[in-house]
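A quick write-up on the structure given underneath.
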2 protein chains.
Amino acid sequence: MALSHAILVSLVDRPHSGYDLAKRFDQTVGFFWPVSHQQIYQELHKLARVGWLRSQMVEQSERPNRIVYELTDDGRHALDAWLAEPTDPPSFKEEMLVKLFALAPGNQPALLAELERRRAMHVARLARYESIMAEHYPEPARLQARRRGRYLGLRMGILNERTTIAWCEEAIACLHAAPADAADAAEVASTTALASPRARTPDARHD
Amino acid sequence: MALSHAILVSLVDRPHSGYDLAKRFDQTVGFFWPVSHQQIYQELHKLARVGWLRSQMVEQSERPNRIVYELTDDGRHALDAWLAEPTDPPSFKEEMLVKLFALAPGNQPALLAELERRRAMHVARLARYESIMAEHYPEPARLQARRRGRYLGLRMGILNERTTIAWCEEAIACLHAAPADAADAAEVASTTALASPRARTPDARHD
DNA sequence: GGCTCCATGTAAGTTGTTACATGATTCA
DNA sequence: TGAATCATGTAACAACTTACATGGAGCC
């Protein structure tokens, strides 16, 4: 549905080859939307067949030839039409939540380990995003219109990572808390599971 | 990959029919993971074929017969093995970000309207989640071990909605901000000429 | 000699979506 | 009369993944 449009968007400014697009995706959209090179090549063929792109072979010596694609007028119109359509909210499939639905005494240590692993992963990602932010958008208040889309993409990445980290920490604390089942009901009242001290990330403010 | 496991998880406690599962999914996992009934029926057939489930026809008068599925020992083992495996982080495909990459003076009003629409949608969702939370988990500190997975799922839903709303508001403000290029074209031209950032940051598409 | 980069693809498979189909019962 | 609920499915398609394939250039 949207991969084709993501390609159209990438070709608005200037023509690109499939290889270029794959690399570009890795550095931009790919952070939150992984796309394989096979998908891109197939989609390019399809879009050319439909008439939204035209292709041109660029012969190279000493290197494989490139096939460069550019938008047609039809493609431009299709893109504009799509931009005006309502956007689907992202469907968010988090495997970890499915696993937590199966929470039981037997698998609790495994799930805890997994939560720790995920937390570390998101901390690393956040650091990567924040360094990109510091380097490329030191002053977000004054930003050329054309760069705002990219800025907002990165910004969402950062907000999401912070939220996920905060959630991992909550979840870890929650699993560590003494069980409230029959026997230990009284003991739990004193430990207050979810109110345990944990690092508050600056933007995880709503909790 | 994970739909089959989500079904196994749902059958841990007791047997269910495909219809039951579809309804259950709508109320739990379905909030963050929409699954169609066709998918469930197909997956049930597959899991029965593989031997992780066994099925039993329940004849009913005045109603269509039901086919009830329950876990086999093989299924139970497969589930335990899956729980111990590392979890993929969710791939997060947000169409809105793709659209924002195409931000230009011509489509700016359409994108703003879309951001407003999305914001309202997430506000409504958040309200729904919070009312469920208030009704079912009024005291999260003392929670039976078995209910913690569901609680954490809902909790992540709430955190995500809050984050998305905050982002929508940022994005709306960002697009409303006075453009830094039309009037300041000369300034921009001189900065890019002086700085030439591409030479130093070859892998940076964020500029 | 093995590695990565450049640049393109095919083929087979799995997963997910959309549309269509049945047929009785209950409620407004 | 029309719609919703119960309960199951088939068929066709679109989207995505995984594996395989080529072949020169330059690097350590």
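Using protein heavy atoms only (no ligands, DNA or RNA), what is the total accessible area buried between A and B, 1.4 Å probe, nearest 100 Å²?
Details: alone 14540 and 15250 Å², together 21700 Å².
The A and B chains share an interface burying roughly 8100 Å².
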- Query: Quick one: what does P(r) look like for the range B:2-105 with 5 Å bins over all Cα pairs, in whole %?
  - Reply: 2, 11, 19, 19, 17, 11, 6, 5, 5, 3, 2, 1, 0
- At residue A:34, with labels set 7 Å past Cα in the Cβ direction, how many nm apart are the copies from this one, shortest first? 2.4
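Hey, got the dipole for the protein assembly as shown? About the Cα centre, +1 on K and R Cβ, -1 on D and E Cβ, debye to the nearest 20? It would help to have the intermediate numbers written out before the result.
On the way: 52 positive and 54 negative charges, 37 e Å.
Its charge dipole is roughly 180 debye.
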- Kindly write out, for the range B:113-123 in residue order, the coupling ³J(HN,Hα) from the Karplus curve 6.51 cos²θ - 1.76 cosθ + 1.60 (θ = phi - 60°), rounded to whole Hz, with x marking Gly and Pro. 4, 5, 5, 5, 4, 4, 4, 4, 4, 6, 4
- Using only the alpha carbons of the protein assembly as shown, determine the length spanned along each of the three principal axes and report them from longest to shortest in whole angstroms. 73, 50, 45
- Item | Nearest-ten-degree value, helix B:73-84 long axis tilted from longest Cα axis of chain B | 30 degrees
- Item | Distance between the range B:8-43 and the range A:33-95 - C-alpha centres, whole angstrom | 35 Å
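So if I average 1/r over every pair of distinct C-alpha atoms in the range B:95-180 and take the inverse, what Kirkwood radius in Å does that give?
It works out to 14.9 Å.
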- Under a plain spin-label model, where a point goes 7 Å from the Cα along Cα-to-Cβ, how far apart in nm are residue B:172 and residue A:88? 2.5 nm
- Fraction of alpha-carbon pairs in the range B:35-81 farther than 18 Å apart, rounded to whole percent, equals 39 percent
- Hey, what number do you get for chain B at 222 nm if only DSSP H runs of n ≥ 4 count, each worth -39500 (n - 2.57), divided across all residues, to the nearest 500? -19000 deg cm²/dmol
- Query: Dividing the convex hull volume of the Cα atoms of chain B by its residue count, what figure in Å³ per residue is obtained?
  - Reply: 216 Å³
- Message: How tilted is helix A:37-50 with respect to the longest principal axis of chain A? Cα atoms for both, answer in degrees (0 to 90, nearest 10).
- Response: 50 degrees
- Item | Calculated label separations, residue A:110, copies of the chain, 7 Å along the beta-carbon direction, nm | 4.9
- Just the accessible area for residue A:73, please: 1.4 Å probe, Å², rounded to the nearest 10? 110 Å²
- Message: Quick check: net charge around residue A:81, other residues with Cβ under 15 Å of its Cβ, Lys/Arg +1 and Asp/Glu -1?
- Response: -4
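Kindly sort A:7, A:132 by accessible area of their heavy atoms, largest first, with the probe set to 1.4 Å. Don't skip to the answer; put the middle values down first.
On the way: A:7 0, A:132 25 Å².
Final ranking, largest accessible area leading: A:132, A:7.
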- Note on the structure: With the label set 7 Å along Cα→Cβ, residue B:128 is separated from its counterparts in the other copies, in nm and shortest first, by 3.3
- Multiply the residue gap between residue A:128 and residue A:12 by 0.36 nm, knock off their C-alpha separation, and tell me the result in nm, one decimal place. 39.0 nm
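Summarise the partner chain shielding of A:157-165 as one whole number: the mean count of Cβ atoms from other chains within 10 Å of each residue's Cβ. Before the final figure, lay out each step's value.
On the way: counts 3, 1, 7, 8, 1, 2, 8, 7, 0.
Mean number of neighbouring Cβ atoms from other chains: 4.
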- Message: Nearest 10 degrees is fine. How inclined is helix A:145-176 to the longest principal axis of chain A, computing both from alpha carbons?
- Response: 20 degrees
- Given a cut-off of 26 Å, name the pairs among A:46/B:46; A:23/B:46; A:46/B:99; A:93/B:23; A:93/B:99; A:46/A:93 whose C-alpha atoms lie farther apart than that in the structure shown. A:46/B:46; A:23/B:46; A:46/A:93
- Message: Just to verify a number: what accessible area does residue B:176 come out at with the full protein assembly present, 1.4 Å probe, Å² rounded to tens?
- Response: 120 Å²
- Item | Extension gain (nm, one decimal) between residue A:23 and residue A:45, 0.36 nm per residue minus Cα-Cα | 6.1 nm
- Any idea of residue A:58's accessible area? Nearest 10 Å², probe 1.4 Å. 50 Å²
- Item | For a label point 7 Å along the Cα-to-beta-carbon line of residue B:58, residues of the range B:4-25 with backbone N under 19 Å | B:7-25
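The values are calculated or read from the model by the stated rules, or taken from the named source; none is laboratory data. Nothing here was measured: the structure is a model prediction, and the numbers come from that model. Positions of Cβ are generated from backbone atoms using ideal geometry, with glycine treated the same way; all protein chains shown enter the neighbour counts. Each accessible area value is taken on the protein alone, full model and side chains, heavy atoms only, with ligands, DNA and RNA left out. Shrake-Rupley method; radii C 1.70, N 1.55, O 1.52, S 1.80 Å.
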